[in-house]
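Derivation of every value follows stated rules applied to the coordinates shown; laboratory data play no part. This structure is a prediction, so every number in the text was calculated from the model and none was measured. No Cβ is skipped: glycine too gets one built from the backbone with ideal geometry, and neighbour counts run over all protein chains shown.
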Amino acid sequence: MNTVQKVELKHVDSFTLQDIFECGQCFRWNKQEDGSYIGVVKNNVIQVEQTGDTILVKGIGEDSLEELCLSYFDMQTDYGSIKQKLSRNRFLFKSLYFLWTRNSYFASRFVGSNYFLYYLGQ
């Protein structure tokens, strides 16, 4: 049964709507005039908006909206820590920055890989 749900995720670090939805890897999201985004995830229609470090998600669907967001946006990964470790290695940081700015496909695949986390000492 479809239900309307609302979830507020507070104190979210390393999460910017524009970076996520306009990186070239998300194809089912439409930017609204108010700056929010509407998209379909599995069998759920959701609207995501951000104010500072707070993410507000409203949606209708079959799944738990909070669990869906935590999984879809990979909220369990500490991207702030990854960025901090990258910033300490100037050569690696500059190399990855070059690749990120030239090829968004590389960035999305490389950041999510276990090899990358292993290299950073996780």
Two-decimal ratio, the range 3-72, of alpha-carbon radius of gyration to 2.2 N^0.38 Å | 1.03
One finds, for Arg90 and Asp53 with R0 = 25 angstrom and r their Cβ-Cβ distance, a FRET efficiency to the nearest 0.05 of 0.35
Can you figure out the FRET efficiency of Val45 with His11, using R₀ = 41 Å and their beta-carbon distance, to the nearest 0.05?
-> 0.95
Just tell me which lysines come within less than 22 Å, Cα to Cα, of Lys85; anything on the same chain fewer than 8 places away is out.
-> Lys94
